[in-house]
Each structure stands twice: as structure tokens, then as C-alpha cells.
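Structure first, commentary second.
The values are calculated or read from the model by the stated rules, or taken from the named source; none is laboratory data. Model, not experiment: these values are computed from the prediction. As a convention, Cβ positions derive from the backbone with ideal geometry for all residues, glycine included, and neighbour counts pool all protein chains shown. Calculation scope for accessible area: heavy atoms of the full protein, side chains included, ligands and nucleic acids excluded. Shrake-Rupley method; radii C 1.70, N 1.55, O 1.52, S 1.80 Å.
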Amino acid sequence: MLKRVFGVMGLAIAMQTAMSQEAPMTPLRPDQVAFLALYKELVETNTTLSAGSCTTAAARIAVHLKAAGYSDEDITLFSVPEHPKEGGLVAILAGTSKTAKPLLLLGHLDVVEAKREDWTRDPFTLIEENGYFYGRGTADMKALDATWVDAMAGFKQSGYRPKHTIKLALTCGEESNAFNGAEWLAKNRPELISAAFALNEGGSGRTDGHGKILYQSIQVGEKASQDYRLETVNAGGHSSIPIRDNAIYELSDALLKVRDYEFPVKFSDTTRAFFAKVGALRADDLGHAMIALSRDPNNAAAEAIVSKDRTYHSMLRTTCVATLLEGGHAANALPQRAAANVNCRIFPGETVEGTQAALVAAIGDPGVKVTMVPPIRPVALPPPLDPKILGPADELVAKYFPGVPLIPQMSTGATDGVFLEAIGIPVYGVPGGWLDPDYNGVHGLNERRSVRSVFVGRDYVIDLVKLYANAD
């Protein structure tokens, strides 16, 4: 079951075509056929919060790993009574060294909600069409989940013995606030996932929208996601005699101030390197401005140009945005209460308390109560630009994607890596696959992943894990 063939570099796919445009796949190798079956099974296992079960997905993965030769002692299935469908799995492949620290492969099994009536295709059926795989989770992040499982099963089945112990942690709750398995492991079973570093989602190539890969990125750092509740209260009254002192108006004024407030420009080692290197790839005003800003964060003219790009704007600072709104209690009454959720993506190193204070100061109205919404996130701690991590990744990028640079990048989103970093485990998002400029419908409708990206990314990542696992 799940028989695999491990080539040294796995370059049977014609890589030169991946560099220029999406081309038809050559016939799949036997190991790729087995991997595709696993990928399909994961995508078609519904793991949404509303109707799915990560516990079911974890149990199915355990079956695959046991078939490959793992014992019950090698696999830990976990869940909590209050959230029985949000379980996860940890599996361990023992290394030959008793002193080399383990490496950890991290992934989340849960996916964002997807309504069949909104999608062109069934979101929980893996469909291949026009060079893409469609389905919820095809990009975020079941291709990488399948790769992790495929690698662990293949290593065991082939008799491969790494120097470093390799651990796999697949958890639930990254896409929701109900229960987070990575956070639970970090707090309750840290010894189970202890590692020198972890590999995670977040890194990826970027294309020009026509299949040409512009660069590969490795995620080195991420923002922390934290929600805040803004609330106003009022005595209310009859709507026939309105007054300016209105809970909805007061909240609306506060939200406009949040909209207009710009957090100051910040740089980390990762973002400074990103803007300098990506800017050098461009021969336009934006590229020149990116380089100038990386050299001088106080260059207002350069910042104005760079911030016109919404992604780059977010990479430069903490951002906060209103996402949910509620208010009033009757159509013919003045509102007694109004509230909004403001979601902030907090720059690494900054605290949730500091961000709360900045919101309070920007609003400048003591009548607007600003509170943190649980769960309260830890400070995002950026990992170092470690040559022992970046070097092997860069080496493989040069072999898989000749002429394409590897660029360290900070995620403007947030992953479960923040919980591991809080207990001293640096987390890096692996490159290898790629996305189009529209991010391929991630968290939206008709999510998709390039067929070539899935298979090439899988080969790249397995080779990368082996380089790390055998390193001195």
C-alpha cells in the first residue's frame, strides 16, 4: 500500500516547462499515483468546523502510516472531550543519532467553510480541470499535508533512516477559534513536538499569472492575528425623537478612525531582505521604491509608492480592519448597543496589549470600549535568517528552478507557527510549489492549485526534508 519510488531529485517532470508556462503533465510515476490518491482522500474528507471532522481525517492518516510500518507507539491521536471532531495526530520516525535534535513537520487539517451553492464545482470533490486541481483545501493546505504524510510513509516503507528524528504534527483549528490543536500541543504535550525547528505552510513560489515562476519564497516570520471588540452603549429611546448621542453613530465614528489610522512602518530582517530582493527584480518605480524603503524606513516618498500595493502595505506594518458588525434591538427604537469586530494582524515583536492601546488612542473616545476577543495570541517571534535553513532550500531551488531566486518572506497572515515559536521552536514555511497572483481562491470560491505545482512541490519538499534530516 502506498508504494513509493524515491529518486535523488525527482526531476522526471519536465522542469523547464514549469519555468515558462503550465504544460500537460507527463505520465505519473508510481509514487505520484499513490500520492495523488492520498491527496484526493484528504481533499474529499470534509474538515470544516461546521460539518467536517479533523478527527476522521487524522484517523485515516493513521491507517496509512500503520500500513507503511509505523507502530501504535509511533503514532499519537489526540482530541479533547469538548471538541471531539477537532482532533489531530503526531507521528514519529526515529533517527539514528541520539544527540541530533528532531525536526518537525507541521500542518493543519481543517479548511475554511465552502458552500456548494456558491461554488462552480463540488468543493469536496477533487476535480482536475485545465491544468488545476479544484476543491477546498487544494491549496490551503492539503497538498502539503499529503506531502508530509507521503514522505513519512515513504521513508518508513523504504527503510530510510535519517540522522535526525522526524516528527509530524497534523492539527485542527488553524482556520477557526474554536479549538486549536497546535496550541494545545504546545501547552499540554510540548515534549511530543519538541524540535530544533519546524517546517510549515507559508512559503511558495509566485507566478506572473501565466505560469512563469518569478521567485520562490521561504516564510521566515509571520504576523499574529488578534480580534478586538469595539462596543458602545446608550440608554436608547423612541426613534421618533432622535438625538446625536446614538450608539451606532458613535461606533461608526470609531470605525472610521480605525480605517484612517496607519500603524508606523516596521522592518524585520526578513522584510528588509524581501523588499530589497524583490525590488531588484523589478525595473519600475515600485521596484526602486522598495529598495529605497528597505534602506531607509523613514523615506515617506518611497513608502507612499510601495503602500499602493495592498500586500506590500500590509507587510510594512500592523493592520486592523473591521470584519463584523452588530447593533440595535428594534427597528423603531434608538440603539442601546452597537458592536464591531476588528481583526488585527500584528507585526512580529509587537504585543496584543500595545495594539489595543494604539486602537484606543486612535479612536480617542472613552465611550468606545475596546476589548480583546479570546483566544489571546502570543507575540509573533520571527525566526532567524539561519543559513542552515535557507542554504539547503536555496540549493534545491537552484536545481528545481534554475535562475529563480529564493527570497525570505514574512506572511501577512498567521499560521499555527506562532504557538510553536512561543515555546522556542523556530518555524519556516517551505517553498517548492507556487501560486498565481490571485492566490488561487484560497479562503474564497473555487480554490485551486496547479497540477504541476502539486507534484513538483511534493518532490521538492521531500528532498528538502531529507537534506535537513541528514544534516550535521
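Per residue, the chain reaches -10500 deg cm²/dmol at 222 nm when only DSSP H runs of four or more residues are counted, each adding -39500 (n - 2.57). Computed about its Cα centre, the charge dipole of the stretch 126-199 is approximately 500 debye, with only Lys, Arg, Asp and Glu carrying charge at their Cβ. Note on Lys163: aspartates and glutamates with a C-alpha under 16 Å away, same-chain residues under 8 apart excluded, are Asp463, Asp472. Cross-link partners for Lys40 among the aspartates and glutamates, with Cα-Cα distance under 20 Å and sequence neighbours closer than 8 places in the same chain left out: Asp31, Asp110, Glu113, Asp122, Glu128, Glu129, Asp140, Asp145, Asp150, Glu201, Glu447, Asp459.
The stretch 52-122 and the stretch 146-179 have Cα centres spaced 8 Å apart. Of the three principal axes defined by the Cα atoms of the stretch 158-239, the extents in descending order read 76, 45, 21 Å. Heavy-atom accessible area for Asp365, with the other protein chains in place and a 1.4 Å probe, reaches approximately 50 Å². Taking a Cβ cut-off of under 9 Å around Val342, the surrounding Lys, Arg, Asp and Glu residues balance to a net charge of 0, with basic ones at +1 and acidic ones at -1. At a Cα cut-off below 15 Å, give the aspartates and glutamates reachable from Lys257, other chains included and same-chain residues fewer than 8 away excluded. Here the aspartates and glutamates satisfying the reach criterion relative to Lys257 are Glu231, Asp365. Distance from the alpha carbon centroid of the stretch 404-421 to that of the stretch 318-343 works out to 32 angstrom.
For the peptides 182-194, 103-115, the ranking by packing is 103-115, 182-194, with the highest mean count of neighbouring Cβ atoms within 10 Å listed first.
If you find the alpha carbon centre of the stretch 220-251 and of the stretch 258-285, how far apart are they in angstrom? Value for the Cα centre distance between the two parts: 32 Å. Among the protein heavy atoms of the chain, carbon and sulfur supply 55% of the accessible surface, probe 1.4 Å, non-protein parts ignored. Quick check on my link table: of Lys167/Lys223; Lys156/Lys466; Lys388/Lys466; Lys266/Lys388; Lys142/Lys212, which ones sit more than 19 Å apart, alpha carbon to alpha carbon? The pairs that break the limit, which is 19 Å between Cα atoms, are Lys167/Lys223; Lys266/Lys388; Lys142/Lys212. Highest mean packing first, where packing is the average number of other Cβ atoms within 10 Å per residue, the peptides 255-266, 283-294 line up as 283-294, 255-266. Per residue, the accessible area of the stretch 322-424 comes to 44 Å² when a 1.4 Å probe rolls over the protein heavy atoms.
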